[in-house]
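The values are calculated or read from the model by the stated rules, or taken from the named source; none is laboratory data. Remember, it's a predicted structure, so these values are computed and weren't measured experimentally. Side chains included, ligands, DNA and RNA excluded: accessible areas come from the protein's heavy atoms. Shrake-Rupley method; radii C 1.70, N 1.55, O 1.52, S 1.80 Å.
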Amino acid sequence: QLPHEFFYKACLENNIELPPEGGYGTGLIFLPRNKKDYNFCKNLFSEIVCREGQYLLGWRNVPVNDSGIGRTARESEPLIEQVFIARSKGDPSAYRPQDQENSSNFLDFERRLYVIRKQVENTIRASNIKQKTYFYITNLSSRTFSYKGLLMPSQLGDFFLDLKDDGLKSAICLVHSRYSTNTFPAWNLSQPFRFLAHNGEINTLHGNINWMRARQGMLKSKVFGEDLKKIMPIIVPDGSDSATL
């Protein structure tokens, strides 16, 4: 669960005033260390959030301690920041605490955050910036939050200093450790688990991908409408079976 009380306090320290729980979305973002690429990614994020009618409240530097991670992980370590996005101020449901997770207002905002994430990912993937593999959106939601990295399970709690704070609360927490067995581990390949946890291999992977690509143009949705065109390609190119799912 999104630890609202903890984030509210952390944001005050960064001069960011959060709306009530349910009125904003957030997520960890891996960013390039190259200054030009870093600025490109953050400016693009702001541009797309604005274009989608939402409001970017600000960014928070996520405190980490990388002294205990491996040399390979440290050499390729991205900058890690947390983005906060509020519902559009013109939205009548803006800044209203969520009372039902299946309410239309709640799901509308989750879909808007999804459309934002997919557009940012696709644009950066197609760009010519040098360190685009450093960029990764771990999750973008008003409901859940994820801490991820090129880490061993025992390193997680020491790396992310947030996890040492007693004010960070959740009714349930899932910890999972696994990297794709057919690729070299990297920060941007930490498994997605944005909506469900998947562990194992899909033996019909390439067939499923080809069918999805072939049928992509026929996709229709009453709730997404014309936004479907913004999130294509649906399938993440060259992703693992979990990333594809």
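Observations, loosely collected:
- Gaussian network model of the chain, Cα within-10 Å springs - most flexible of 194, 213, 112: 213
- For the chain: rounded, prolate or oblate by the Cα gyration tensor [a/c cutoff 1.5]: rounded
- Accessible solvent surface per residue of segment 120-245, calculated while the other protein chains remain in place, 1.4 angstrom probe, Å²: 63 Å²
- Cα centroid separation - segment 20-56 against segment 172-245, whole Å: 21 Å
- Accessible area of segment 166-245 belonging to carbon and sulfur atoms, whole % at 1.4 Å probe: 57 percent
- GNM on the chain, alpha-carbon springs under 10 angstrom: the most fluctuating residue among 224, 106, 45 is 224.
- Note on the chain: GNM, Cα springs under 10 Å; of 184, 30, 135, the largest mean-square fluctuation is that of 184.
- Over 23 Å apart at the Cα level, from the set 36/229; 42/148; 118/222; 9/118; 132/220, are 36/229; 9/118; 132/220.
- Surface listing: 8, 38, 24 arranged by accessible area from highest to lowest gives 8, 38, 24, probe 1.4 Å.
- Counted residue by residue at 0.36 nm each, then reduced by the alpha carbon distance between them, the extension gain from residue 201 to residue 222 reaches 4.4 nm.
- Relative contact order, percent, segment 104-156 [alpha-carbon distance under 8 Å, six or more residues apart]: 33 percent
- Each Cα pair under 8 Å and six or more residues apart adds its sequence gap; the mean of these over the residue count of segment 154-245 is a relative contact order of 25 percent.
- Relative contact order of the chain, defined on C-alpha pairs under 8 angstrom at six or more residues apart (%): 26 percent
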